[in-house]
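Asker: Starting off with a structure, shown below.
Where a number appears in this text, it was derived from the coordinates with a stated rule and is not lab data. Just so it is clear, the structure is predicted and the values come from calculations on it, not from any experiment. So basically every Cβ, Gly included, is an ideal-geometry build from the backbone, and we count neighbours across all protein chains shown.
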Amino acid sequence: MRTTLLIACLAILPATACKKKSGTTDTGTLDTAPRSPAGGSAKNVSANSKGGSATATDDDGNQSFAAVYFEFDSSVIDEAGRQDLQQLADWMGAHGGAVITLEGHADERGTDEYNIALGQRRAQAMHDYLVRLGVAAKRINTISYGEERPAVAGSSESAYAKNRRGEIVPQR
């Protein structure tokens, strides 16, 4: 049994550790609504404590949410992140059928394997916090992309800070 599990994990690892080419974007079927009102045609916006938007609804009715940012090598949710997740929990309470995916991300420092694990800890921390706020666990999926989907290209501290995040993606 252990050997089978180990083989399955090792088979999945190369697929998750592949690097994306710089400058490419993922245009999958998940919500691609702008993350903030400055990024597009959002019409309903709720502000978070950082002056950004915790939630936004675009003209097509697509819901988007602010990212939760983390300190270097940490999966601890700060006060601003807790406030954003509280707004998300409130929104999910008002939208009983909503299901979300929490994506964990890391900056480029560290090995691919370490960053996948760190991204998973970040997504799981957000998941656990939402469950403590009363959101049913079955309505929350988690995935880690590690360093594979940076929000910002670059190797500066400001780029790193924007890439250490958890994204909230509503499912259609």
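Asker: Let's test the formula: R0 of 25 Å, r as the Cβ-Cβ distance of Ser74 and Glu157. What FRET efficiency results, to the nearest 0.05?
Answerer: 0.95
Asker: While we're looking at this one, here's another question. If you plug each phi of the range 160-172 into the Karplus form 6.51 cos²θ - 1.76 cosθ + 1.60 with θ = phi - 60°, what whole-Hz ³J(HN,Hα) values come out, in order, with x for Gly and Pro?
Answerer: Karplus-based 3J(HN,Hα) across the range 160-172 equals 4, 4, 6, 8, 8, 8, x, 9, 10, 10, x, 9, 8 Hz.
Asker: With θ taken as phi - 60° and the coefficients 6.51, -1.76 and 1.60, list the Karplus ³J(HN,Hα) couplings across the range 121-126 in order, rounded to whole Hz; mark glycine and proline as x.
Answerer: 4, 5, 4, 5, 4, 5
Asker: Once you have the Cα-Cα distance between Arg109 and Arg172, take 0.36 nm times their residue separation minus that, and quote the gain in nm to one decimal.
Answerer: Using 0.36 nm per residue and subtracting the Cα-Cα distance, I get 19.4 nm.
Asker: Right, something else. Please turn the phi angles of the range 149-154 into ³J(HN,Hα) values with the Karplus equation 6.51 cos²θ - 1.76 cosθ + 1.60 (θ = phi - 60°), one per residue in order, whole Hz, x for glycine and proline.
Answerer: Per-residue couplings from phi come out as 10, x, 6, 9, 7, x Hz.
Asker: Ok, one more. At 7 Å along Cα-to-Cβ for each site, give me the label-to-label distance between Leu133 and Ala94 in nm.
Answerer: 1.3
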